[in-house]
Every structure is written in structure tokens, then in C-alpha cells.
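K.L.:
Before anything else, here's the structure in question.
None of the figures in this text is laboratory data; all of them are computed from the coordinates on show. What you are looking at is a predicted structure, and each value in this text was computed from that prediction instead of being measured. Here the Cβ positions follow ideal geometry from the backbone for every residue, glycine too, while neighbour counts run over all protein chains shown.
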Amino acid sequence: MMKNWGRAAPAAALALVWASLALVGQEAARFWDAQPYGEWTMEQTLQVLTNSPWTRPAKLVETGAQQLGGGAQHYVQWYSAQTVREALVRLRNLYGAVNAEADAKFLTTPPTAYQVFVFAALYTSKGELRFLPLAAFDGLTAEELQQGARLIFSSQEYSARPDRVEFVTDPKTQQTVGLRLLFERAREAVPPAEARRGPVRLVCPTRTGSVSVTFLLDEMQRRGQPDL
């Protein structure tokens with residue numbers, strides 16, 4: 001009996017070590033739950049804004065011969081989420097733009113609608129995120145985008161069009177650098193996204209095709225509560 005225990009002990013200890021490492025890895029991956037946003041590093045902040053449950057690299061499908069990506073990566077971001085808004089404030093602070101009063105007002109005034117933001121960007125040689133003109137939507141009107149875009153809740157067989165579409169322009173160049181799709185949170189006889197589970201897919205038309213991305217609602221949470 002003691003022999004068997006002696007053989008099993010190293011294996012049990014090893015399994016315990018691996019389990020502990022996995023737990024540490026999960027906690028590190030969800031730093032937004034473990035640390036206040038004011039302690040996030042530049043790397044962590046950019047992770048929230050480019051590759052997290054709230055921001056997903058998007059797939060740009062082009063049906064024409066002309067390539068509109070221009071080497072940039074397209075992203076779709078659940079902009080109304082508090083985690084994203086905290087990351088935006090933190091990024092400004094890390095770049096030296098600190099306005100405590102404005103930051104507090106921005107973070108304590110939640111948007112009345114779900115806001116989904118589409119943008120294109122690339123990392124510079126200095127590791128900075130550089131926003132680029134959103135050429136894929138050139139020539140499309142807000143009405144055309146409103147009619148063609150969809151949030152598709154696949155598990156519940158429900159989809160919604162945006163209630164409003166806004167173009168975001170660079171104040172210096174006047175070029176379009178973002179597309180904001182707004183979906184009202186309260187719809188008659190329709191459960192809000194917070195009450196849903198599973199994947200939700202955004203599909204939006206471009207000039208020569210479409211852009212799409214899938215979010216996982218179960219992962220878009222802060223300390224067990226939906227963050228949308």
C-alpha cells in the first residue's frame with residue numbers, strides 16, 4: 001500500500017502543479033478582473049482594444065477584384081462595454097493625456113445603446129497602434145449600412161439591424177477612421193443581450209463584400225456580470 005502511494009504521490013503532485021499553473025494563467029489572462037484599469041500596462045491596454053472578448057480581429061470578405069484591406073487589420077469592438085471604455089481612458093493616460101474630471105464623466109455615463117465600432121489599424125515599428133482610413137466603406141451611406149448590417153444571435157435565432165449608423169472622422173484629415181453601429185438596448189418583447197448566452201455575430205456590408213466577426217457573450221463579463 002505504501003509502495004503504491006509512493007508511486008502515486010509524484011504524479012499527484014505534478015497534476016496539482018499543472019492545475020495551479022493553469023489557474024494562474026487564467027487569472028493572468030483576465031487581468032481586467034484582477035487589476036483596476038489604472039494599473040494596466042500598455043500591453044494589457046492594447047490587448048483589450050485589439051484582441052479580447054470585447055474586440056475581435058475581423059474577417060474582411062471581398063467579392064471584387066480590388067483589395068481594400070491595404071495591409072491593415074480590421075477590428076470590431078463592443079465599444080459600449082465598460083472594459084473597453086476603461087481601456088480607452090487608460091490609453092490616453094499612458095500617452096500623457098490626463099483629465100481626471102473628463103475621464104470620470106466618461107466612465108460613469110454609460111451609453112444608452114449597445115455600440116459596436118468597426119475600425120482598421122496596424123502596429124507601428126514602435127509597437128504603437130495606428131488607426132488608418134476605413135476605405136472598405138467608401139461610397140456607402142449610413143442608410144445602406146443600416147439596412148445591410150446585422151447582429152445575429154445564433155443560439156436564439158434572432159437578429160437586429162442597427163438603429164443608427166455613425167461615421168467617425170479624423171479631425172485633422174477628415175477621413176473616415178471608424179464606423180459606429182448603435183443598437184437600442186430596450187426593444188419591445190425582445191430580451192436584452194445581457195439576458196442571452198452563446199455567440200453573437202456581426203455582419204456588415206463593405207463596398208466590395210462584407211466584414212464579419214463573432215463575439216462570445218459568455219466571455220464578455222466582469223466578475224461574473226455581463227459587460228456590454
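K.L.:
Using DSSP to call loops (not H, G, I, E or B), can you name the trypsin sites (Lys or Arg not before Pro) in the stretch 121-175 whose Cβ has at most 13 other Cβ atoms within 10 angstrom?
P.N.:
Listed in order of number, the matching sites are Lys126, Lys172.
K.L.:
Same structure, new question: If the chain between Ala29 and Val168 were fully stretched, how many nm would it gain, using 0.36 nm times the residue separation less the Cα-Cα distance?
P.N.:
Gain on stretching Ala29 to Val168: 47.0 nm.
K.L.:
Taking 7 Å along the Cα-to-C-beta vector as the label spot, tell me the Tyr158-Thr41 distance in nanometres, rounded to one decimal.
P.N.:
Each label point is offset 7 Å from its Cα along the Cβ direction, giving 4.1 nm.
K.L.:
Something else about it: Taking amide H positions as placed 1.01 Å from N in the peptide plane, with prolines and chain starts having none, which residues 5 or more places from Asp138, or on another chain, fall under 5 Å of its amide H?
P.N.:
Under 5 Å from the amide H of Asp138: Arg207.
K.L.:
Provide the gained length on full extension for the span Leu129 to Asn51, in nm with one decimal, where the gain is 0.36 nm per separating residue minus the Cα-Cα distance.
P.N.:
Residue separation times 0.36 nm, minus the Cα-Cα distance, leaves 26.8 nm.
K.L.:
Now for a different question. Report the gain in length on full extension from Lys105 to Gln175: 0.36 nm times residue separation, minus Cα-Cα distance, nm rounded to one decimal.
P.N.:
22.4 nm
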